[in-house]
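The values are calculated or read from the model by the stated rules, or taken from the named source; none is laboratory data. Here the structure is a predicted model, which is why all the values come from computation and not from measurement. Counting neighbours? That spans all protein chains shown, and the Cβs are built from the backbone with ideal geometry, glycine included.
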Amino acid sequence: MIRIFSILVGLFFAAALTWSLFWDTLQLSKDGLPKSAAVEFGKAHELKPLKLSSDGAFGKFDQAQLQRGFAVYQGVCSTCHSLGLVSYRSLAALGYNEAEIKAIAGKATVNALDPLSGEMKDRKGQPSDKFPPVVYAGAGHPPDLSLITKSRHGGGAYVYSLLTGYEANQPAELLKKFPDSKTGAGMYYNPYFANLNIAMPPPLASDGLVTYSDGTPATKDQMAKDVSAFLVWSAEPELDQRHQTGLWWVLFLMFATTLGYMAYRNIWAGTKH
């Protein structure tokens, strides 16, 4: 009797849980997602397409584009955003030689320990140094860009969409339905940003903000693509090596599998099942 009662109690709780799950799913399907300005008018999950040479299992970085992207970072982004996890000597992967890297690092001022006095002092940057932190005087603290494409949904496409997604006016329907979402003073409307309004002014407000050494026209769209590619590299500089290593491992495993199958057929060829 106790056993039958225990089974009935178990069936009751299982039925209750099943009904609860079914009811919650039914209500969610009726109500949909919680209504908010970002859900209805944001484009965070509808990013602009960005095709880079590093995409895909066999992708490889385009050094020329990475150098252009680094030029955009230096000329536009570095005044506010740090790149604290990247060292100057890593720029060799972009095609810079030793003299060029020393020249780039030498333009920076690094606060480091003086081995003679044991005190922290400012000195010129060296290839072994990481990019120094940016001293920002404004309100808030702009994020470090070293891993930005790994920490944001969409990676490079997010950066590209954000940089090219500023709009002068908010949709009238948005202001009518969500008046609290109106862009305030010192803010800018960007549907690709999480809450639609961002404090960062459009960094690529016009063409020609940098001069590319390879002669590529520095349009707003081109600069956005190039700096996005550079930030993909800064977040994962070993991507090329991982792709190459993965390819060799796949080939090795295919070869080993073939040998194993041939050995199996040879050993058990005379055995009847």
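Just a few scattered comments:
- For the stretch 22-32, the condition of being out of contact with any Cys (no Cβ under 6 Å at 6 or more places or on another chain), within 24 Å of His153 (Cα to Cα), modelled with pLDDT under 90 and in a loop (DSSP other than H, G, I, E, B) holds for at least one residue.
- Boolean, Ala139 is of a type in the set (A, V, I, L, M), modelled with pLDDT under 90 and more than 30 Å from Leu52 (Cβ to Cβ): yes
- Annotation for the stretch 119-135: no member residue is farther than 22 Å from Val72 by Cβ and among the β-branched types (Val, Ile, Thr).
- Index of the failed condition, Ala256 passing every other in (1) assigned by TED's automatic domain parsing to the domain that holds Asp55; (2) among the small types (Gly, Ala, Ser); (3) part of a helix (DSSP H, G or I): (1)
- Residue in the stretch 42-52 that is part of a loop (DSSP other than H, G, I, E, B), on the phi < 0 side of the Ramachandran plot, surrounded by 14 or more Cβ atoms within 10 Å (Cβ to Cβ) and at pLDDT below 85 present: yes
- Boolean, Phe178 is at pLDDT below 95 and either farther than 30 Å from Ala92 by Cβ or of a type in the set (A, V, I, L, M, F, W, C) (or both): yes
- Of the residues Val86, Val76, Val72, the single one that is within 30 Å of Gly215 (Cβ to Cβ) and in contact with a Ser or Thr (Cβ under 6 Å, 6 or more places away or on another chain) is Val86.
- Near pairs, Cβ below 7 angstrom, 6+ apart or cross-chain, from the stretch 160-187 (touching a residue at least 24 places away in the same chain (Cβ under 8 Å)) to any residue that is part of a helix (DSSP H, G or I) and of a type outside the set (A, V, I, L, M, F, W, C): Tyr160/Lys225; Tyr160/Ser228; Thr164/Lys220; Thr164/Asp221; Leu174/Ser181
- Taking the stretch 209-224 as the range and being under 27 Å from Gly154 (Cα atoms) and surrounded by fewer than 11 Cβ atoms within 10 Å (Cβ to Cβ) as the test, only Pro217 passes.
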